[in-house]
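Read through the structure below, which is laid out as structure tokens, and then see the notes.
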Amino acid sequence: MKRFALALFGTVGGLLALLGFKTHSPTSSGPLPDQGLAPTGMPTSTSRTDSGGTTTPSRSRSATHRATPPTVTTRHITGQAVTTRYGVVQVKVTVRGSKITDVGFVQLTAFDAQSQQINSYAAPQLLQETLATQSANIDTVSGATYTSDGYRQSLQSALDKAALR
């Protein structure tokens, strides 16, 4: 009987401690990192933007009509916006040739403060791993499963538009 009473009080005490636990709210709600990727409104001099948001090389002939070597084009491709359980994720990828040179967020919203805190922790890891792996085959950030899945879906749609793996 004594053991039963101890177990009951221990369980109740542990449950009360668990219910009384409060998480702290984020101290800042600043912008999330985008790894330097800024929206581009003007196409570069060696490219033009088509209606799909991708850039294609522009051709010009020299006065001597010599064949010029092909140029490697930098393209900016926006992935689809993916709505997750906790927010919206959309990425923009910069590709030069077949290499991902930059990636950033067009949208990374959070429906609540805890999701915002999780996103601010997960976002830099997702961006960094994309540049390291050069694909959408990246690991899920622990504690940010929905953000990671939405990120991978948006990234893969951008890579599909760019005809990359």
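Derivation of every value follows stated rules applied to the coordinates shown; laboratory data play no part. Here the structure is a predicted model, which is why all the values come from computation and not from measurement.
A few comments on the model shown:
- Taking segment 72-165 and dividing mean pair separation by its residue count, relative contact order in percent (alpha carbons under 8 Å, at least six apart): 33
- When the convex hull of its Cα atoms is projected in every direction, mean area for segment 72-165 (nm²): 5.1
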